[in-house]
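Below: one structure in structure tokens.
The values are calculated or read from the model by the stated rules, or taken from the named source; none is laboratory data. Note that the structure is predicted; figures quoted are calculated from it, not measured. Cβ placement follows ideal geometry from the backbone for every residue including glycine, while neighbour counts extend to all protein chains displayed. When the accessible area is computed, the model is the full protein with side chains, heavy atoms only, and any ligands, DNA or RNA have been set aside. Shrake-Rupley method; radii C 1.70, N 1.55, O 1.52, S 1.80 Å.
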Amino acid sequence: MVNKEATPAKLGDSEKITINLGYVDLGQIDFIVSDGFYANRTDFIRTAIRTQLTTRSEALDQTAARRYLTLGSSYYTRRDLEEIRDAGQMIHIRVLGLASIADDVSPQLALATIASVEVLGAFRAPTAVKAALAPRTA
């Protein structure tokens, strides 16, 4: 099974999320930011999330191991998938982090080589590949 840790994504790449906060929570964040503890709301929220993830890192590691998830990033090139196809195999992509499929991978090649996709985080692939794999994506 091919599993690459390298990814073409830049270190600064991120996913945008939207959250709803109560007025009191938001006011408290604004108060802390105005006192100079954080540069802005985003800085506070990122720090709070990282703190929670660090606090629960052992549980995350155990869950990833139990579910056989790759922790971090996985990147699949056309050549990787062609080798899998030529060997008559299929893979299950299971990642906690970022899973990426190269832009030159066709939907046909993806369907011939990828049995399932389970990503807790972000899944980046060409639009046509994502559409083709949608029925196989958890």
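For the chain, take the longest principal axis of its alpha carbons; what is the angle in degrees between that and the long axis of helix 41-55, to the nearest 10 within 0 to 90?
So the helix axis and the longest Cα principal axis differ by about 70 degrees.
Given DSSP loops and a limit of at most 10 other Cβ atoms within 10 Å, what is the longest stretch of the chain that contains no such trypsin sites (Lys or Arg not before Pro)? Let's see the in-between values first.
Details: sites that count: LYS10, LYS16.
By the stated rule (loop sites, at most 10 other Cβ atoms within 10 Å), 17-138.
Next question. Quick one: net charge of PHE123's neighbours, Cβ under 13 Å, K/R +1, D/E -1?
Numbers: positive: ARG94, ARG124, LYS130, ARG136; negative: GLU15, GLU118.
Net charge in that neighbourhood comes out at +2.
Continuing with this model, one more query. Under 5 Å between amide hydrogens, which residues at least 5 positions from SER73 or on another chain qualify, with H placed 1.01 Å from N in the peptide plane?
Long-range HN contacts for SER73: LEU98.
Let me ask something else. Which label belongs to the value computed from this structure, given these candidates for Rg and Dmax of the Cα atoms in Å: (1) 15.4, 49; (2) 18.8, 61; (3) 14.5, 41?
(2)
Under unit Cβ charges (Lys, Arg +1; Asp, Glu -1), what dipole magnitude, rounded to 20 debye, does the range 9-107 have relative to its Cα centre?
Values: 12 positive and 14 negative charges, 46 e Å.
I would put it at about 220 debye.
Let me ask you something else. For the chain, which span is the longest to avoid every loop-located (per DSSP) member of GluC sites (Glu not before Pro) having at most 14 other Cβ atoms inside 10 Å?
The answer is 16-138.
Just the accessible area per residue of the range 78-138, please: how many Å² with a 1.4 Å probe?
Accessible surface, normalised per residue, equals 50 Å².
Further question on the same structure: Report the chymotrypsin sites (Phe, Trp or Tyr not before Pro) located in the range 48-138 that are in a DSSP loop and have at most 13 other Cβ atoms inside 10 Å of their Cβ, or state none.
Values: sites: TYR68, TYR75, TYR76, PHE123; in loops: TYR68.
The qualifying sites are TYR68.
For THR137, what residues show an amide H to amide H distance below 5 Å, using hydrogens built from the backbone and excluding near sequence neighbours?
The list, which skips near neighbours in sequence, is VAL117.
Highest GNM mean-square fluctuation, the chain, Cα pairs closer than 10 Å: which of THR113, THR77, THR47?
Of the options given, THR47 has the highest mean-square fluctuation.
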